[in-house]
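Written below as structure tokens is the structure these notes are about.
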Amino acid sequence: MDPTKVSSERLQRVLPDALAALHGVIERHRVTEQEWSAVLAFLTEVGRHEEFVLLSDVTKTSVLVDAISHEGETDATPSDVEGPLYREDPPWREKPVKIYEKYEGVENGDVLFVHGRVTSANGTPISDAVLDIWQTGPDGGYDVWDERQPDYNFRGRFGVEEDGSYEFQTMVPKPYTVPTDGPVGRLLEASGQHPWRPAHIHFKVDAEGHEPLITQVFFPDDPYLENDTIGAVKPALVRPLIGHEAEEEVARRGLSAPFYTCEFDITLEPAMSAARA
Ligand SMILES: [Fe+2]
């Protein structure tokens, strides 16, 4: 966001505090000219590599801002950070929704059907909700990193049914490391912070008259559930994966191997303007 998009009243209130905190750290640790130059060179590089969102994430600043921004939304599904891997204008997926195409490596994973209902807090179905999903493939790679994957693989937007229900076919994602080949990766290494995130699926949900929701779904028994490098795991967003091995079930899905399902119901908060009216 352009700082000029923050009101000048707000800027004049927050900026002096931010600078006082920064100056306090510099004084307390007797930061040298050489060290400060290194900091400025690092931040310049972060900008050049477009890694400021990633920097905000791995310093757990994004999680803090997310928590403050959604304080008091007690009835809604908990929000979570967007992260740096969202891509604008993902493809619209027709029903039955499948968000990936076959590619070399796809057989390394397990098919997963995610399903649920989108409702408002009183249980009313939200039939015009649109879901926007993005995740890694079964090897832990996003389309933008994994050259084997078609563009926009494991991404997609789609609508829900009249009763607010949805289902989409994907594959069970795996834990992955945030990008480590740029300045933020070097910072992680130098500071001894591991770069791993637990497996997750990102959701954006939009519907008329409701606050947009950005969140993530996680799975139990993940080795990084307790120590996500961006600190974004919320226990309320962990959902079990249910295995399906019966031959009839596998055949009914048109598959040749056992698969998983995961239920994730979504509750949206009424739009702020509607709540105030
Ligand atoms: Fe992610």
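Any read-out appearing in this document is the output of simple, stated calculations on the displayed coordinates, not a laboratory observation. All figures in this text were calculated on a predicted structure; none of them were measured in a lab. Heads up, the Cβs are rebuilt from the backbone with ideal geometry, glycines too, and the neighbour counts pull from every protein chain shown.
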**Asked** Most fluctuating residue of LEU19, LEU112, LEU55 in a GNM of the chain with Cα springs under 10 Å: which is it?
**Response** LEU19
**Asked** What are the residues whose amide H is under 5 Å from the amide H of VAL97, where those residues sit 5 or more places off or on another chain and H is modelled from the backbone?
**Response** GLN169
**Item:** Cleavage-rule hits (trypsin sites (Lys or Arg not before Pro)) in the stretch 122-163: DSSP loop, at most 13 neighbouring Cβ within 10 angstrom
**Value:** ARG148
**Complete:** Within the stretch 160-196, DSSP-loop GluC sites (Glu not before Pro) with at most 16 other C-beta atoms within 10 Å are GLU161, GLU162
**Request:** Would you mind calculating the gained length between GLU45 and GLU245 on full extension (0.36 nm times residue separation, minus the Cα-Cα distance), in nm to one decimal?
**Result:** 67.1 nm
**Message:** Give the lysines reachable from LYS95 as a straight Cα distance under 21 Å; neighbours fewer than 8 places away on the same chain don't count.
**Reply:** LYS204
**Item:** GNM result for the chain, Cα springs below 10 Å: residue of VAL65, VAL184, VAL160 fluctuating most strongly
**Value:** VAL65
**Two-site FRET efficiency, ALA121 against TYR86, from Cβ-Cβ distance with R₀ of 22 Å, rounded to 0.05** = 0.25
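Would you calculate, for the chain, the mean residue ellipticity at 222 nm contributed by helices, counting each DSSP H stretch of 4 or more residues as -39,500 (n - 2.57) and dividing by all residues, to the nearest 500?
On the way: 7 runs with 73 residues, N = 277.
Helix-only estimate at 222 nm: -8000 deg cm²/dmol.
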**Asked** Considering the chain as a Gaussian network with a 10 Å cut-off on Cα pairs, which listed residue, THR77, THR215, THR180, attains the greatest mean-square fluctuation?
**Response** THR180
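Please tell me the relative contact order of the stretch 32-276 in percent, rounded to the nearest whole number, where contacts are Cα pairs under 8 Å and at least six residues apart. Each step should come with its number before you reach the end.
Working: 465 pairs, mean separation 60.1, N = 245.
In percent, rounded to a whole number, it is 25.
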